[in-house]
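The values are calculated or read from the model by the stated rules, or taken from the named source; none is laboratory data. Quick caveat, the model's predicted, so the values are computed rather than measured. Glycine gets a Cβ as well: all are built from the backbone with ideal geometry, and neighbour counts include every protein chain shown. Ligands, DNA and RNA are stripped out before the accessible areas are found, and what is left, the full protein with its side chains, is counted by its heavy atoms. Shrake-Rupley method; radii C 1.70, N 1.55, O 1.52, S 1.80 Å.
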Amino acid sequence: MRKSPMFACALSVLALMTACNQAQDRDYECITINHIVDEADLTEIAFDFKVHALKSSDPLDGIGGIKCWDGVWLARTNDDRKMLRFDNYQLTWVLDRLGRGPGEYFYISDFSYDKANNCIYIENDSSLVTYDATTMEFKGKQPVNINIQNILNVEDKMVYFGYLLDDYKRDADGRIIKSPDESLVLVDRDERNISKGKVLYTERSNERSMFGYPELFFVNSKNYSTCFPGVINRIVTFNENGTTDVYRFKLGDSPVSKDLLELMEKEVDENDIESLMAFYNELAAAIDRECRISQVYNIMVDDKTVSFRARYSSNNGSLGSYSPYLYFVHNEKGTKVYKHLRVPGLLMDVDPTGANGNHQVAIIENLGDLIIDDNVPMSDLAEQIVSELRRQNDDNPVVLEFRFK
């Protein structure tokens, strides 16, 4: 039920100007099929590998997204029903409170860990469902005046991204006539009136309706970063002093369409259903003519290397055969893009779904001998992974952590 810290100094009025300047100056990289390699040997393009067994006395549910705070790991199960807590790779608690009754959450899409208050926050629309991070005891449901898309605890602050509820524009009858802009807001850790926070970035809702949301899920706590997907995609780093663009890119080598930029800024009366539907159909058609990024994950700015994975759409086939993700590695030597990450000796792809400090984190499922590729020599890393998997009970997985070069 998904609806779908870099602190930008620019206000929404600058968004179109920025995009137009990029279109004219080409201060972004155009990614074409010439950049893309179908399959990469992870042992050649990454380093600092760590392999750890996830320990549990019982079988572990399938693990989805992972957030890490030093030795504390929180993982959402693949079905978004449960939250798992690991301490130093050992399962310590399971939060299983899906429902609509007292003390329950009705989905898990994003979550955060507040070390100072020893709390886990699960976002449900405009509320934080709060649990004790040690006992998983329900502590309360706290309303906030923002329709949350993403949340993240940042030291003594908290970052929210979404619609500020006070910004909905209504007519005299109370009907919504325009969706508000979407904002990235920094507030004190315990402040629930988000209007008291500092707006770090604001943009029109049209942008977010067609592209993914700034990703605060996979976070390198040593160098906070995120991506604003759009006509031009912006990887940025952030701290309390502001934001810095570190890499801009778009898919395909065609120039940015001025018509598309104008559509992004267009205002439509949301009570005029026919005009609203016609507008979104026009906007969708304009975007579908472009190769585009729909969401960016696992954003990592590690020294001079920027890496991330991106879900993309290429309706005209200009990027070759379809693959769910593209993996980007950008540094001083240039940019390489890969469709698949492989470890020689293993049949399965390596798909990072989290970050631990400056390390990418990938779950390696325990498929027994089915994971072994007998057609190629087994690399040292593959041998280490297989050895850890064979020592696991109940076919539980291991995690692979690494850094891109």
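Some observations on this one:
- Selection of trypsin sites (Lys or Arg not before Pro), segment 49-105, meeting DSSP coil and at most 10 other Cβ within 10 Å: Arg100
- Among Thr335, Thr243, the sequence by solvent-accessible area, most first, with a 1.4 Å probe is Thr243, Thr335.
- Accessible solvent surface per residue of segment 275-405, calculated while the other protein chains remain in place, 1.4 angstrom probe, Å²: 43
- Here the relative contact order of segment 261-312, from alpha carbon pairs under 8 Å that lie six or more residues apart, stands at 24 percent.
- Per-pair calculated FRET efficiency, R0 = 41 Å: Asp394 and Asp125 via Cβ, rounded to 0.05: 0.70
- All other residues whose Cβ lies under 13 angstrom from that of Val246 are scored, Lys and Arg at +1 and Asp and Glu at -1, for a net of -3.
- Accessible surface of segment 318-405, 1.4 Å probe, proportion on carbon and sulfur as whole %: 49
- Ligands, DNA and RNA are left out, and with a 1.4 angstrom probe the accessible area of segment 75-176 is 44 Å² per residue.
- Peptide packing: for 224-234, 28-38, the average count of neighbouring Cβ atoms within 10 Å per residue gives the ranking 224-234, 28-38, highest mean first.
- Scalar couplings 3J(HN,Hα) for segment 356-368, obtained by applying the Karplus form with A = 6.51, B = -1.76, C = 1.60 to θ = phi - 60°, are 10, x, 9, 10, 5, 10, 10, 8, 9, 5, 8, 9, x Hz; x denotes Gly and Pro.
- Per-pair calculated FRET efficiency, R0 = 51 Å: Ile273 and Lys304 via Cβ, rounded to 0.05: 0.55
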